[in-house]
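Following: one structure in structure tokens, then a few remarks.
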Amino acid sequence: MKGLFPEHMSVTAKVMDLRLERQNLVSSNLANVTTPGYRPKRLEFEKQLQSALNLDDRGKLTKTNKMHAPAAFDANSFSGDLISNFQPRVVHGEDAVDVDKEMVTMTKNSMMYNALTQVIKKNFQGMQKVISDGAR
């Protein structure tokens with residue numbers, strides 16, 4: 001069954017899971033905007049994803065041979081880092097949740113999640129076409 005789905009489906013699924021987790025954290029940050037002493041949390045995974053995909057800092061594939069690019073990927077080889085271990089300090093106006101920043105993060109994350117759903121949708125549409133054309 002593994003050959004049925006394209007290789008990038010495991011990568012897409014893993015990134016979608018991490019984007020969902022990030023969306024939940026941002027929602028939590030926004031829900032605690034008026035909570036005294038609450039520190040916003042972040043989920044960072046992009047650098048680990050690049051490393052797991054064997055990409056350089058510019059997002060380009062690094063080639064192991066001039067004739068091909070790396071294709072192996074293990075979806076369990078990375079995960080996001082929850083950044084919540086801030087040292088306590090109180091600076092009025094800096095420690096609170098920045099609603100504008102959180103909304104930008106939420107919007108960007110949502111757009112990227114939706115783009116990934118379109119990628120998966122196209123894969124399933126392709127498989128549906130192959131199945132329906134084969135049945136004729």
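Derivation of every value follows stated rules applied to the coordinates shown; laboratory data play no part. The shown structure was predicted, so the numbers you read here are calculated from the model rather than taken from an experiment. Here the Cβ is made from the backbone with ideal geometry for all residues, glycine too, and neighbour counts use every protein chain on show.
Close amide H contacts of Arg42 (hydrogens built in the peptide plane, cut-off under 5 Å, sequence separation of 5 or more or a different chain): Ile83. A full extension of the chain between Tyr113 and Met9 corresponds to an added length of 36.1 nm, given 0.36 nm per residue minus the alpha carbon distance. Of Lys41/Lys121; Lys47/Lys129; Lys41/Lys108; Lys14/Lys122, which ones are farther than 24 Å apart at the Cα? Cα-Cα > 24 Å for Lys41/Lys121; Lys47/Lys129; rest within. Taking the average, over residues, of other Cβ atoms within 10 Å as the packing measure, peptides 8-21, 120-133, 29-42 rank 8-21, 29-42, 120-133 from highest down.
Here the Karplus curve 6.51 cos²θ - 1.76 cosθ + 1.60, taken at θ = phi - 60°, turns the phi angles of the stretch 14-21 into couplings of 5, 5, 4, 4, 5, 5, 5, 4 Hz, with x standing for Gly and Pro.
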